[in-house]
Amino acid sequence: MTVESIEVQQRAPQPVVSVRATVPVAELTGAQGESLMALWDHLRRHDVRPAGPPFVRYHTFTGTETDLETGIPVAGAVVGEGRVAAGELPGGSAAVTWHFGSHDSLAKAYGRLETWLGENGREPDGAAWEVYHWIDPTRRPDPATWPDPSAWRTELVQPLR
């Protein structure tokens, strides 16, 4: 799959642990970092191994605030605790594309998805999510250890009706 392409995939439901919150857009990076740390601590306390890289799902996004869910896939059932909830990313048909590099231009990948939906007569089925393949969920979240943004690989997944 190239960075410009859209692929339709059939995905299995994926158990996750996540933190959901409504935050001002200006505080987005800090909120995601705090959530990743809470998730990492939760998985360690409960001796649960991640089943993949972390994701962020924007349930709503306005110019001033966003309802976002930051999560980590897990291999099986896990309990929630406090602000960490056990849940599931939906299975079924999804349009998938990639963005390589800094998130300054991530909107272009969302634009590709939106254009593809219109051109193919498809409808979204819920909020899309971003999978951060450049973050190792088995290690304590530390932005100082992450690669330069030019090396980031972000997968965008849009469930389809």
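The values are calculated or read from the model by the stated rules, or taken from the named source; none is laboratory data. Quick caveat: nothing in here was measured; it's all calculated off a predicted structure. All Cβ positions, glycine included, derive from the backbone under ideal geometry; neighbour counts span all protein chains shown. Just so you know, the surface numbers come from the protein's heavy atoms only, side chains and all, with ligands and any DNA or RNA stripped out. Shrake-Rupley method; radii C 1.70, N 1.55, O 1.52, S 1.80 Å.
The residue list D41, D67 contains one member that is out of contact with any strand residue (DSSP E or B) (no Cβ under 8 Å at 6 or more places or on another chain) and either among the acidic types (D, E) or at pLDDT 95 or above (or both), which is D41. Per the listing F61, F55, the residue uniquely at negative phi and either at pLDDT 95 or above or out of contact with any strand residue (DSSP E or B) (no Cβ under 9 Å at 6 or more places or on another chain) (or both) is F55. Each residue in the range 2-32 was checked for being touching a Gly at 6+ places or on another chain (Cβ under 8 Å) and more than 18 Å from L89 (Cβ to Cβ), and 1 pass. Of all residues in the range 87-101, none are farther than 27 Å from N120 by Cβ and without any contact (Cβ under 8 Å) to a residue 24 or more places away in the chain. For the range 53-66, the count of residues that are open to solvent by less than 20 Å² (accessible area, probe 1.4 Å), free of Cβ contacts under 8 Å to residues at least 60 places away in the same chain and in contact with a Leu (Cβ under 8 Å, 6 or more places away or on another chain) is at least one. Tell me whether the range 92-101 contains one or more residues that are touching a His at 6+ places or on another chain (Cβ under 8 Å), among the β-branched types (V, I, T) and closer than 17 Å to Y58 by Cα. Among the residues of the range 92-101, not one is touching a His at 6+ places or on another chain (Cβ under 8 Å), among the β-branched types (V, I, T) and closer than 17 Å to Y58 by Cα, which makes the answer no.
Just give me the residues in the range 17-52 being out of contact with any helix residue (DSSP H, G or I) (no Cβ under 9 Å at 6 or more places or on another chain), closer than 22 Å to Q158 by Cβ and open to solvent by less than 40 Å² (accessible area, probe 1.4 Å), in sequence order. Within the range 17-52, L28, Q32, S35, G52 meet the criteria. Looking across the range 68-111, not a single residue is of a type in the set (D, E, K, R), buried (at least 18 other Cβ atoms within 10 Å of the Cβ) and closer than 12 Å to T154 by Cβ. When the residues of the range 120-141 are filtered to those that are charged (D, E, K, R) and open to solvent by 30 Å² or more (accessible area, probe 1.4 Å), the one that is nearest to A94 (Cα to Cα) is D125.
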